[in-house]
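Trainee: The structure is given below, and queries will be raised subsequently.
Derivation of every value follows stated rules applied to the coordinates shown; laboratory data play no part. Quick caveat, the model's predicted, so the values are computed rather than measured. All Cβ positions, even for glycine, are placed from backbone atoms using ideal geometry, and neighbour counts span all protein chains on display.
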Amino acid sequence: MVVHHNLHRNVRILLVGDRGVGKTSLILSLVSEEFPEDVPPKSEEITIPADVTPELVPTNIVDYSAVEQSDIQLAEEVQRANVICVVYSMDDDDTMDRVTSYWLPFLRETLSHTHRCPVVLVGNKLDLVDYSTVDAAMEIMNEYKEVESFVECSAKTLNNISEMFYYAQKAVLHPTGPLYITDQQD
Ligand code: GTP
Ligand code: MG
């Protein structure tokens, strides 16, 4: 029998991804349960108390902004994170291409001498498209085993937002094989 000891007293979730994919909107939508029309470049660090998280573990959510942070500051945040959400915009192929041409290689390079860090692949702006990006996402997951799960969501309609953060927590607390959700909830 395999027993997973829970060694994590909190979970630190970092969101990265190209400009404009909706990182800040995702965080603010989760916290306020409504879509913020005007978002700052970078959200304050959010602390969610244990008793309101699905896994009952205190959770910090950390935003990244290329206009406010240097590459060195980004690398420091990458090394502090327990799980990293790599966000792309479902209506912009370039942002998905950058997941494999830039973000995942950058994370590997930055983490190689420290620790393994699970990744959740997040396709945002589901509300803007009438297709799924699951096929391309599966190819990414096959190539990059650190990608633990995949979710398509919308900060605007709040579709799958709590699921996204739940999957991030789960990737830290119960790392397992790959898993994905694409179904829309209403
Ligand atoms: P940077 O801070 O520049 O890196 O961008 P970001 O990734 O934080 O994106 P941000 O949250 O600022 O959102 C960029 C734009 O996309 C804004 O105009 C948002 O209103 C819009 N946006 C974010 N999420 C969604 C979404 O789910 N659906 C739609 N339709 N628009 C969204
Ligand atoms: Mg932002």
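Trainee: Relative to the Cα centre, what is the charge dipole magnitude of the chain, using +1 at the beta carbon of each Lys and Arg, -1 at the beta carbon of each Asp and Glu, and rounding to the nearest 20 debye?
Mentor: Values: 13 positive and 31 negative charges, 177 e Å.
Magnitude of the dipole: close to 860 debye.
Trainee: So, one more: Where does each of 125, 145 land when they are ranked from fewest to most other beta-carbon atoms within 10 angstrom? Walk me through the numbers before you get to the answer.
Mentor: On the way: 125 23, 145 12.
By the 10 Å Cβ count, ascending: 145, 125.
Trainee: While we're on this one: Picking from 100, 128, 144, whose Cα lies most toward the positive end of the charge dipole for the chain (charges on Cβ: Lys, Arg +1; Asp, Glu -1)?
Mentor: Positive-end residue among those listed: 144.
Trainee: Which of 167, 144, 131 moves the most in a Gaussian network model of the chain with Cα springs under 10 Å?
Mentor: 131
Trainee: Right, next: What length, rounded to one decimal in nm, is gained on full extension from residue 94 through to residue 145, with 0.36 nm per residue of separation minus their alpha-carbon distance? Show your work: numbers first, answer last.
Mentor: Numbers: separation 51, 0.36 × 51 = 18.36 nm, distance 2.19 nm.
Taking 0.36 nm per residue and subtracting the Cα distance, the gain is 16.2 nm.
Trainee: How many lysine pairs are close in the chain, with Cα atoms under 13 Å apart and the two 8 or more places apart or on different chains? Before the final figure, lay out each step's value.
Mentor: Numbers: 23/42; 23/125; 23/156; 125/156.
Taking the Cα cut-off of 13 Å, the pair count is 4.
Trainee: Rounded to the nearest 0.05, what FRET efficiency do residue 70 and residue 130 have when you use their Cβ-Cβ distance and R0 = 30 Å?
Mentor: On the way: r = 39 Å, r/R0 = 1.28.
Efficiency computed from Cβ-Cβ geometry: 0.20.
Trainee: Using the charge dipole of segment 44-186 (Lys, Arg: +1 at Cβ; Asp, Glu: -1 at Cβ; taken about the Cα centre), state which of 46, 66, 154 has its Cα farthest towards the positive end.
Mentor: 46
Trainee: Just the C-alpha atoms of segment 120-172: what Rg/Rh do they give, with Rh taken as the Kirkwood radius? Intermediate values should be presented prior to the final figure.
Mentor: Working: Rg = 11.2 Å, Rh = 11.5 Å.
Reported Rg/Rh (Cα atoms, Kirkwood Rh): 0.98.
Trainee: May I ask you to sort 164, 90 by Cβ crowding, counting other Cβ atoms within 10 Å and putting the fewest first? Numbers along the way, then the final one.
Mentor: Numbers: 164 26, 90 23.
The fewest-first ordering by Cβ neighbours comes to 90, 164.
Trainee: Note down the Stokes-Einstein diffusion coefficient of the chain in µm²/s, whole number, using a Kirkwood radius over alpha carbon pairs, 37 °C, and 0.692 mPa s.
Mentor: On the way: Rh = 16.4 Å.
For the chosen part, D equals 200 µm²/s.
Trainee: Given the convex hull of the Cα atoms of segment 76-171, what is a quarter of its surface area in nm²?
Mentor: Details: hull surface 23.7 nm².
Mean shadow area of the hull around the Cα atoms is 5.9 nm².
Trainee: Additional query: Pick from 62, 129, 87: which residue has the top mean-square fluctuation in a GNM of the chain where Cα pairs under 10 Å get a spring?
Mentor: Its mean-square fluctuation being the largest, the pick is 129.
Trainee: Give me the percent relative contact order of segment 1-127, please, defined on Cα pairs under 8 angstrom at least 6 residues apart. Let's see the in-between values first.
Mentor: Numbers: 190 pairs, mean separation 39.3, N = 127.
Once divided by the residue count of segment 1-127, the mean separation gives 31 percent.
Trainee: Based only on other Cβ atoms within 10 Å, what is the fewest-to-most ordering of 121, 104, 15, 111? Before the final figure, lay out the partial values.
Mentor: Numbers: 121 30, 104 20, 15 26, 111 17.
Going from least to most buried by this count: 111, 104, 15, 121.
Trainee: Compare 84, 46, 27 in a GNM of the chain, Cα atoms joined below 10 Å, and give the one with the largest fluctuation.
Mentor: 46
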